[in-house]
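This report concerns only the one structure given below.
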Amino acid sequence: MWFKPWKQTKDNLQDQVAMDRLPRHIAIIMDGNGRWAQKRALPRSMGHRAGVEALRKIVKACSNLGIQVLTVYAFSTENWNRPKDEVGILMKLLTDYLRKELDELHQNKVVVRAIGILNDLPLEAQRELERAVERTKNNSGLVLNLALNYGGRSEIVDAVKKLSRDVLDGKHQIEEINEKRFSDMLFTGGLPDPDLLIRTSGEMRLSNFLLWQLAYTEIVVVEEYWPDFGQKSLLEAIKAYQSRDRRFGGIHTN
């Protein structure tokens, strides 16, 4: 089996994490693959390949912990502006990851989902993604939510269009539109909003990622480039999250 139970040891960082206060939903902006490669005088493609291996380890760690949802920013709508060769490599890595990892993901009850404008992806990537989603849809474990050709602003515009069409079709009145109904129209409809956002490589921006959903999310920025981000880094981010006082705009009275 790919995933094994956590081993409890007195000196281990995982023992400092409260297992009864884990974030339900972790979102990650996987940043720094190119700079990781540049620092090592390697081609950018090697950084992306190392990033895929980091993703594999984090999926495994989140599943072991019992995290409900992991959403990763795999390819943004703006990433199409990168050199054509690099985009091609990213799409091939996506296809290879889904093809090679699907058996183990399914065996360990991972549910594969995707958000974004998926019909603009290469046909081969679309086929592998559809196969992974279909095969794992009835699983009961971690939801691995891949943000592909995703942009937060375009997602919000898309939700507005859906609601507008519903109003024009007489399905509901404008006065009936509320935050819950709007959230249901987003690509993430049905999923809880992220409790924790992790961004690697030290950059202090959201980069058009889950703009609506991150309204009350705790943010942890780490200096490591994504290929260097592993289980220890994940546990440290969760520990930082658990140290926060989450008030959601209110105050604590005790």
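The values are calculated or read from the model by the stated rules, or taken from the named source; none is laboratory data. In this text the structure is predicted, and so the values were computed from the model without any measurement. In this analysis, Cβ positions are derived from the backbone assuming ideal geometry, glycine residues included, and neighbour counts consider all displayed protein chains.
Numbers below:
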item: Unmet criterion (only one of (1) modelled with pLDDT under 95; (2) surrounded by 14 or more Cβ atoms within 10 Å (Cβ to Cβ)) for residue 171; result: (2)
item: All positions within the range 199-222 that are under 20 Å from residue 36 (Cβ atoms), surrounded by fewer than 19 Cβ atoms within 10 Å (Cβ to Cβ) and not β-branched (Val, Ile, Thr); result: 202, 203, 204, 205, 207
item: Verdict on residue 45 being within 30 Å of residue 246 (Cβ to Cβ) and assigned to a helix (DSSP H, G or I); result: no
item: Any hit, the range 71-78, residues being in a helix (DSSP H, G or I) and either of a type in the set (Phe, Trp, Tyr) or closer than 23 Å to residue 107 by Cβ (or both); result: no
item: Residue in the range 8-22 that is under 14 Å from the mean Cα position of the chain (by Cα) and at pLDDT 95 or above present; result: no
item: All positions within the range 101-135 that are polar (S, T, N, Q) and either modelled with pLDDT under 95 or surrounded by fewer than 16 Cβ atoms within 10 Å (Cβ to Cβ) (or both); result: 107, 119
item: Residue list for the range 80-100, filter: touching a helix residue (DSSP H, G or I) at 6+ places or on another chain (Cβ under 7 Å) and surrounded by 15 or more Cβ atoms within 10 Å (Cβ to Cβ); result: 86, 87, 89, 90, 91, 93, 94, 95, 97, 98
item: Count - residues of the range 137-156 that are outside any helix (DSSP H, G or I) and either free of Cβ contacts under 8 Å to residues at least 60 places away in the same chain or among the aromatic types (Phe, Trp, Tyr) (or both); result: 5
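Conditions tested, residue by residue: (1) under 25 Å from residue 198 (Cα atoms); (2) assigned to a helix (DSSP H, G or I).
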site	(1), (2)
55	yes, yes
90	yes, yes
109	yes, no
114	yes, no
119	no, yes
126	no, yes
135	no, yes
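Residue-wise test of (1) among the charged types (D, E, K, R); (2) within 19 Å of the chain's Cα centre (by Cα); (3) assigned to a helix (DSSP H, G or I); (4) over 20 Å from residue 13 (Cα atoms).
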site: 158; (1), (2), (3), (4): yes, no, yes, yes
site: 164; (1), (2), (3), (4): no, no, yes, yes
site: 188; (1), (2), (3), (4): no, yes, no, yes
site: 191; (1), (2), (3), (4): no, yes, no, yes
site: 198; (1), (2), (3), (4): no, yes, no, no
site: 202; (1), (2), (3), (4): no, yes, no, yes
site: 214; (1), (2), (3), (4): no, yes, no, yes
site: 232; (1), (2), (3), (4): yes, yes, yes, no
site: 241; (1), (2), (3), (4): no, yes, yes, no
